[in-house]
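Below: one structure, written as structure tokens.
The values are calculated or read from the model by the stated rules, or taken from the named source; none is laboratory data. These numbers come from a predicted model, not from an experiment. FYI the Cβ positions are ideal-geometry reconstructions off the backbone, even for glycines, and counts take in every protein chain you see.
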Amino acid sequence: MGMTEKPKIVVLTPVKNEAWILPRFLATTSLWADKIIIADQNSSDESVQICKRFDKVVLIRNESPIYDEAERQLLLIKTARELISGPRILFALDADEILAANALETAGWQKILKAQPGTAVLLEKPDLYLSPKNCIRWRDKPFPIAYVDDGSAHHPIAIHSVRIPLSENTPRLVLDDVKVLHYAWANPSLQESKMRYYSVVENVRSVSPPVRRRLRYSRKFLESFKPKMESSERSWFQSWEEKNIDMLTIPSCEYTWHDLEILRHFSGSGTKRFYWDDIWYVNWEERRQYALKMGFSGVPTQPIQQPAEIDQRFRNLCADAFSMMRQTRERLRSALKGDSSKSRQ
């Protein structure tokens, strides 16, 4: 790989029904990427048509009938390596993740462009919360976003996978002046439906035990979640807005494709399999009726019965007990670690 040749920036993005955010994502990303490879997984909204409006987009099909992050990541990386020769930097972004408008003016951006092949780039990813004007910062949790490609093999997993080739020995470039804005929590109803969907996917794929899923995707957590909010920085949006890109509008969405997929899982596996998943705070029969009215296929033909409230209370108690045990175990580990440190001194 020639060191003097400027690397091409290739964005890798999986898409399934992302029309609510795609125009914003593609308009901004087209201003700094050389190519944007979109792997569309059977979208039923306007996602494909939106992609076709942007010259830098290479649209490919993800034919998988199931949710599988490993399969789509391998497909995207393979396509980038086949299409783009010479030095390249792979940016793995979801459609609701947008590079901050001031990123290109930072010293960190120049460090990315000059980084050695085989380097992973980790960036802060603020969650825009309830509105793009507010955010939750994760300064101490940089996220692996980009990879200066050297052809290394990627070893992803089916869900919650690291998106780029990354091992213990991979050199890391951690930057605090380049931000990626995460819009998911700016649309809370959509994010809640996504969490319900993740719980069901983990159930179907036997990724995690029932009590752990109930904790990880708990409605109680969503209701009690009171993060420390900050005002979003104006510079994150300004130059994009100066190019007439709308960075603030967030559409509402009562019913989502995630809930439709859950209905299809009900149809294939029955509802009792999912009684441990904390998804029953919404009216699934109402959603089934809506899906039938809209002509969607694969939804249950019989009315959906919600689990008994007393059973749900019992499951919540089990999850709470598990959580308390886990917290106690962590406190004991911390105490033992502290005692061990003192004894060495």
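Brief remarks on what is shown
- Among the residues examined, LYS228 qualifies as over 23 Å from LEU12 (Cα atoms) and outside any helix (DSSP H, G or I).
- Taking the numbered list (1) among the aliphatic types (A, V, I, L, M); (2) in contact (Cβ under 8 Å) with a residue 40 or more places away in the chain; (3) out of contact with any Phe, Trp or Tyr (no Cβ under 8 Å at 6 or more places or on another chain) in turn, ALA120 passes all entries but (3).
A quick yes/no check of all residues on (1) charged (D, E, K, R); (2) touching a strand residue (DSSP E or B) at 6+ places or on another chain (Cβ under 8 Å); (3) more than 19 Å from ASP127 (Cα to Cα):
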| residue | (1), (2), (3) |
| --- | --- |
| VAL178 | no, yes, no |
| ASN187 | no, no, no |
| VAL201 | no, no, yes |
| SER206 | no, no, yes |
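- Test result for GLU71, under 16 Å from PRO144 (Cβ atoms), acidic (Asp, Glu) and at pLDDT 95 or above: no
- Looking at LEU74, LEU83, just one residue is surrounded by fewer than 21 Cβ atoms within 10 Å (Cβ to Cβ), within 26 Å of VAL207 (Cα to Cα) and among the aliphatic types (A, V, I, L, M), and that residue is LEU74.
- The single condition among (1) modelled with pLDDT of 90 or more; (2) in contact with a helix residue (DSSP H, G or I) (Cβ under 8 Å, 6 or more places away or on another chain); (3) within 25 Å of TYR129 (Cβ to Cβ) that TRP257 does not satisfy is (2).
- Answer from SER193, SER235, SER199 - the residue that is buried (at least 17 other Cβ atoms within 10 Å of the Cβ), part of a helix (DSSP H, G or I), of a type in the set (Gly, Ala, Ser) and out of contact with any Phe, Trp or Tyr (no Cβ under 7 Å at 6 or more places or on another chain): SER193
- Taken over the range 268-282, the residue count meeting the criterion of being at negative phi and either assigned to a loop (DSSP other than H, G, I, E, B) or surrounded by 16 or more Cβ atoms within 10 Å (Cβ to Cβ) (or both) is 10.
- Qualifying residue in the range 174-186 (condition: in a helix (DSSP H, G or I), more than 22 Å from PRO117 (Cα to Cα) and aromatic (Phe, Trp, Tyr)): yes
- Of all positions in the range 150-165, none carries a residue that is in a strand (DSSP E or B), more than 19 Å from the chain's Cα centre (by Cα), over 26 Å from HIS265 (Cα atoms) and at pLDDT 95 or above.
- Candidate set from the range 21-52 (those that are loosely packed, with under 15 Cβ neighbours inside 10 Å and free of Cβ contacts under 8 Å to residues at least 24 places away in the same chain); member that is nearest to ASN203 (Cα to Cα): GLN49
- Taken over the range 85-106, the criterion of being part of a loop (DSSP other than H, G, I, E, B) and either closer than 25 Å to GLN238 by Cβ or in contact (Cβ under 8 Å) with a residue 12 or more places away in the chain (or both) is satisfied by GLY86, PRO87, LEU93, ASP94, ALA95, ASP96, ALA100, ALA101, ASN102, THR106.
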